[in-house]
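Visitor: A single structure is presented below for examination.
The values are calculated or read from the model by the stated rules, or taken from the named source; none is laboratory data. Predicted, not measured: the structure shown is a model, and the values here were computed from it. Every residue, glycine as well, gets a Cβ built from its backbone with ideal geometry; the counts of neighbours run over all protein chains shown. Quick note on the areas: whole protein, heavy atoms, side chains included, nothing else; ligands and nucleic acids left out. Shrake-Rupley method; radii C 1.70, N 1.55, O 1.52, S 1.80 Å.
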Amino acid sequence: MICVNSKTQQNKNICLVGVHAPPQVPIDASGMKPYIRELISFIDKGKAVQDWKVCKTGDSILLMGDLNAVPYSWAYEQIRHRGLIDPLVLSGLFGHTWPNGGGFVKFPLFRLDHILMDPELKNVVEIQKFVSIPHSDHLGLRVRIPFSSTIQ
């Protein structure tokens, strides 16, 4: 997990949380459940509920990464129910990120990679197109966050 804290030009404190949840293979998600439960214990109503890593209480959460879970799965819903929205919810087939090469066929069939964020960030964060990452089996997600001149 990677956490970065910054302030946008719109004076919103954002804590970017990069995740890579354990895969649910073969069928048992027991490795994923403790990871997701720990993650959501720090988030409510789209904000950090206590100081955590570099996140400060009240920071807007921007969570990105490989959840190893599709939309509406247990892990996805646990995070979303902490007040985070999915700006890619309507992306359909165009939002699929895996598999995309890296030893697998280059034909994305699932959306395992996600952006989930505090609803207050929907006019701050610009989601750009999915990008190919050399030697990766996932398409990457790219967002643009206009930062202020001072980073906290």
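Visitor: Counting only residues that are within 16 Å of His135 (Cβ to Cβ) and of a type in the set (Val, Ile, Thr), how many does the range 73-114 have?
Guide: Qualifying residue count for the region: 2.
Visitor: Right, here's the next one. Can you pull out every residue in the range 4-23 that is surrounded by fewer than 18 Cβ atoms within 10 Å (Cβ to Cβ) and either at pLDDT below 90 or assigned to a helix (DSSP H, G or I) (or both)?
Guide: Val4, Asn5, Lys7, Thr8, Gln9, Gln10, Asn11, Asn13, Pro22, Pro23
Visitor: Quick one: is Ile27 at pLDDT 95 or above and of a type in the set (A, V, I, L, M, F, W, C)?
Guide: no
Visitor: Further question: Out of the strands (runs of 3 or more DSSP E) lying entirely within the range 96-142, which hold 2 or more residues that are free of Cβ contacts under 8 Å to residues at least 12 places away in the same chain, out of contact with any helix residue (DSSP H, G or I) (no Cβ under 7 Å at 6 or more places or on another chain) and at negative phi?
Guide: 106-110
Visitor: Step by step: first the residues of the range 96-129, then only those that are over 17 Å from the mean Cα position of the chain (by Cα) and among the aliphatic types (A, V, I, L, M), then the one that is farthest from Lys12 (Cα to Cα). Which residue is that?
Guide: Filtering first and then ranking leaves Val105.
Visitor: May I pose another question? Within the range 96-107, count every residue that is modelled with pLDDT under 85 and open to solvent by less than 40 Å² (accessible area, probe 1.4 Å).
Guide: 1
Visitor: Filter the range 55-95 for residues that are among the hydroxyl-bearing types (Ser, Thr, Tyr) and either assigned to a strand (DSSP E or B) or open to solvent by 50 Å² or more (accessible area, probe 1.4 Å) (or both) and give the result.
Guide: Thr57, Ser60, Tyr72
Visitor: Could you tell me which residue of the range 48-85 is modelled with the lowest pLDDT, considering only residues that are under 11 Å from Ala21 (Cβ atoms) and among the hydroxyl-bearing types (Ser, Thr, Tyr)?
Guide: Among those residues, the one meeting the criterion is Ser73.
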